[in-house]
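Laboratory data are not the source of any read-out in this text; all were calculated from the coordinates shown. Since this is a predicted model, take the numbers as computed values, not measurements. Cβ coordinates were reconstructed from backbone atoms using ideal geometry, including for glycine residues, and neighbour counts include every protein chain displayed.
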Amino acid sequence: MVDDKNKDKSYSKKDEKNNKIDEDKEFDEKVKNMSYDDKVRKVLDLKLEGNNDYKNKNYEIAINKYNEGMKYMKKIENKNEKIKELEIALYLNLSICYSNVEKYNEAYDNITKVLNLDKTNAKGMFRLCQIEFNRCNFDVAKDKIQEFIKIYPENLEAKKLLKNIILKQNEHNKKQKEAFSKIFEKASGLYDDREKEIMRKKKEKYEKEMKERKEKNEDIIKFEEWEILDNEKRIKEDEEKRKEKEKEREKQNEKEKQKQKEMEKKNKNKNDSLMSSSTTNNNSSYLDIDEEDQKIINETKKMGYCYFKKDIKEDDKKFFEKNIPTKIDTTNYQNSNTLYNNQNNKAISSWNAAGTTYEEKDMTKWAKNKIEECLKNIHFKNDEDSDSLNLNNQNGNNFSLQNYPDILPIQYLSKIQLNDLKNLSVDAQIVVIRGTKRHIFELSCNLDITIFINITEFHVHKVLVEIKELSSELEAGKTWKNFITIKKNDKLKIPDNLFNDIYDFVLEKVQDQIKNFTQEYNKM
């Protein structure tokens with residue numbers, strides 16, 4: 001029986017759908033042959049019929065008439081202002097009819113269509129407030145009706161509706177409060193003492209501030225007004241604290257990122273220095289690391305430099321018994337000691353004197369102090385002892401202000417003075433691989449230097465020497481000069497290329513000090 005009923009329902013739905021499709025087709029055929037005026041006349045007739053049904057309180061019939069009128073309205077093209085007014089009237093009538101039969105969602109849909117066509121329509125705005133009130137959306141209804149009263153302050157119906165909304169809202173809130181009061185009844189005692197304590201502290205703060213105001217001859221304000229100002233002040237302070245925390249967090253994140261980059265760069269430089277094979281101008285060691293060497297290094301590192309085992313196999317025991325240690329002959333010891341002394345460049349530690357095991361030692365701290373000491377020795381003063389620097393050996397060349405050569409001779413250099421050493425960054429390691437010791441380093445810094453020239457208008461000239469990532473492991477075809485640059489550090493207007501020879505001389509002085517550092521470093 002149940003299955004039969006379900007079948008009947010499904011058939012009835014299909015029939016309704018088919019009937020609607022047939023009706024729409026018939027309507028389209030009917031309207032196709034109608035003129036513009038005929039369509040408008042039909043809409044007006046249906047509107048009048050709907051109005052009569054509305055007056056007789058036949059709201060459902062009126063809804064059908066208005067909806068039928070809307071069907072004709074949708075077929076009208078090129079709508080003028082009068083037709084739009086007629087369309088708005090139909091939507092307004094539909095909304096009030098749906099409201100009367102308590103179909104508030106349908107009423108809301110139609111009234112929003114009115115406001116889409118004319119957003120300042122007074123009837124539409126007021127009707128929307130009524131619908132929201134009937135849907136129990138009291139907050140929305142209150143906001144809407146207050147906006148309406150601002151535009152139409154003389155509308156008595158609107159003021160009456162606002163009163164009803166407020167009454168209903170209070171009644172609704174009261175019911176909600178009563179509903180929840182039982183839930184919080186048991187817990188209320190926990191909050192009363194806390195609220196009293198908060199209020200007491202607030203009053204103490206208020207009295208203190210009013211006392212200060214009185215002493216300063218400022219106006220005394222009421223507690224309620226002070227409380228609002230105090231809350232605003234607290235909110236502002238909380239916001240400032242939040243912003244400070246965010247800035248601090250961003251700074252911390254930036255530091256972490258920078259630290260991570262430096263670590264990655266350091267590790268990369270170490271790996272590159274171990275894997276690369278190149279010659280340098282500073283007599284640094286040469287070593288070619290092939291795949292087999294790298295495999296040995298990796299395996300040794302995995303073992304954690306562990307050369308002693310607790311668990312000894314039987315075969316190993318037999319081997320150790322055959323090779324029991326014997327007393328070393330003093331003569332042999334002295335000879336072997338001499339041999340190791342001759343091979344002092346093979347290892348760092350005494351246990352690795354033969355240099356057979358991979359070993360690495362961090363020399364960054366020593367290298368930084370040493371390179372700083374060397375670079376601070378950069379100086380020059382032309383005492384004219386050398387013929388090449390004697391200004392009198394210039395074949396009588398006296399340059400006027402405008403008559404300079406393309407490149408100024410080196411003899412016009414009076415003095416070089418180092419003012420400051422900035423941003424010094426050094427990374428250094430001594431590495432032993434298969435009996436060969438390598439002295440690896442990377443250097444970056446800025447040198448503020450003043451050059452004194454024996455020409456009045458160019459007497460003092462400031463330059464900046466940048467040493468950027470100069471490494472013991474140079475790429476093929478590159479020298480130290482590729483990593484050391486010099487540029488102007490003042491506003492002096494100098495002809496192009498005038499100081500090229502002097503700049504080269506300054507760079508030579510810098511390279512000499514770096515060479516001194518490498519010579520000391522290679523002795524380690």
Distance in Å, no decimals, from the C-alpha centre of region 458-487 to the one of region 73-152 is 80
Amide H partners (placed H, <5 Å) of Ser414, local residues excluded: Phe452, Ile453, Asn454
Are there GluC sites (Glu not before Pro) in region 194-252 that DSSP puts in a loop and that have at most 12 other Cβ atoms within 10 Å, and which ones? Glu218
How far is the Cα center of region 222-264 from the Cα center of region 12-72, in Å? 65
Could you calculate the FRET efficiency of Asn482 with Asn231 from 1/(1 + (r/R0)^6), where r is the beta carbon distance between them and R0 is 56 Å, rounded to 0.05? 0.30
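Going by the alpha-carbon gyration tensor, a ≥ b ≥ c the square roots of its eigenvalues, is region 22-181 rounded (a/c under 1.5) or, if a/c is not under 1.5, prolate (a/b greater than b/c) versus oblate? Each step should come with its number before you reach the end.
Numbers: a/c = 2.85, a/b = 2.08, b/c = 1.37.
Prolate, since a/c reaches 1.5 and a/b exceeds b/c.
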Please work out how much length the chain gains when fully extended from Ile198 to Lys509, using 0.36 nm per residue of separation minus the C-alpha to C-alpha distance, in nm with one decimal. 104.5 nm
Within region 101-179, DSSP-loop trypsin sites (Lys or Arg not before Pro) with at most 13 other C-beta atoms within 10 Å are Lys119
Using θ = phi - 60° and Karplus 6.51 cos²θ - 1.76 cosθ + 1.60, couplings along region 476-483 (whole Hz; Gly, Pro as x): 4, x, 10, 10, 4, 4, 5, 10
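On a full-extension model of 0.36 nm per residue, what is the gain between Asp490 and Leu115, subtracting their alpha-carbon distance, rounded to one decimal in nm? Numbers along the way, then the final one.
Numbers: separation 375, 0.36 × 375 = 135.00 nm, distance 7.03 nm.
Result: 128.0 nm gained on full extension.
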What value does region 406-457 have for Rg/Rh, both radii from Cα atoms and Rh as Kirkwood defines it? 1.30
Region 196-236 - Kirkwood radius from inverse mean 1/r over Cα pairs (Å): 10.7
Under a plain spin-label model, where a point goes 7 Å from the Cα along Cα-to-Cβ, how far apart in nm are Lys57 and Asn155? 2.7
State, to one decimal in nm, how far the label point of Asp37 lies from the label point of Asp501, with both points 7 Å from Cα in the Cβ direction. 10.8
What are the GluC sites (Glu not before Pro) within region 415-524 that DSSP puts in a loop, where the Cβ has at most 15 other Cβ atoms within 10 Å? Glu475
From the phi angles alone, apply the Karplus equation (6.51, -1.76, 1.60; θ = phi - 60°) to region 77-90 and give each ³J(HN,Hα) in whole Hz, x where the residue is Gly or Pro. 9, 6, 6, 8, 4, 5, 5, 5, 5, 5, 5, 4, 4, 5
